[in-house]
Each structure stands twice: as structure tokens, then as C-alpha cells.
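FYI, it's all coordinate maths here, none of it is from the lab. No experiment lies behind these values; they were computed from the predicted model shown. Virtual Cβ from ideal backbone geometry, glycine too; neighbours counted across all protein chains shown.
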Amino acid sequence: MKWAFWFVPACVAGIAAVVLVIWLAGGFQGTALDANVTVALVLGILFMSLLGVSLMGLIFYSNRSGQDDEVYRSAGSEQPDHHNGDTSDAPMNIPPPRDKG
């Protein structure tokens with residue numbers, strides 16, 4: 001769990017560094033946007049990236065903590081047993097494709 005607290009700020013810092021380098025290199029000057037719109041654009045990109053990284057971190061944490069297994073067991077759903085060598089992620093009850101002839 002410690003890695004999640006450092007992963008999110010590291011990703012945001014990396015994205016901020018890339019945007020700062022582009023800004024200093026003059027990459028935003030050809031857009032004909034004033035400073036307020038450019039700052040809003042940069043902040044929007046940073047916020048959305050932070051949101052995406054945070055949600056992915058929560059998905060990974062949920063998967064590793066075993067809480068997904070509790071939900072499957074309580075709902076009575078069948079889940080592939082990854083501990084016994086079954087690594088297929090394909091759904092179990094899919095009918096075969098029909099011939100289009």
C-alpha cells in the first residue's frame with residue numbers, strides 16, 4: 001500500500017515536468033491562446049491525469065487486497081481460479097459463433 005502513496009505524486013510530477021518543458025520550449029505559443037486559457041488547459045490535463053492514475057491505483061489495490069473475491073463469493077458468481085493454473089480471462093458461457101451462410 002505504501003507504493004500507492006508515492007506512485008500518484010510521482011506520476012503527477014512527471015506529467016508536470018513534461019508540460020513545463022513544453023511550455024519553456026515555446027510549444028504553447030503557436031496555439032494563439034492567452035495565458036489564462038493555457039493555465040486552465042495545463043491544470044485540466046494535470047487533474048484528469050491525477051484522476052486516471054488514482055482510479056487505476058484503486059483498481060490494483062482492490063485486486064491485490066482480495067476484496068473482489070469477497071464480492072464474487074457473496075454474489076454467488078463463478079470466478080476463474082487463478083491459483084490452480086487457470087489463467088484464462090474468457091467468460092465461461094459464451095455460445096459458439098453462428099455460420100453466416
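Summary of computed values
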{"quantity": "Alpha carbon convex hull of region 2-67, projected area averaged over orientations, nm²", "calculated": "4.9 nm²"}
{"quantity": "Inter-label distance for Leu33 and Ala10, nm, one decimal - labels placed 7 Å from Cα along Cα-to-Cβ", "calculated": "2.9 nm"}
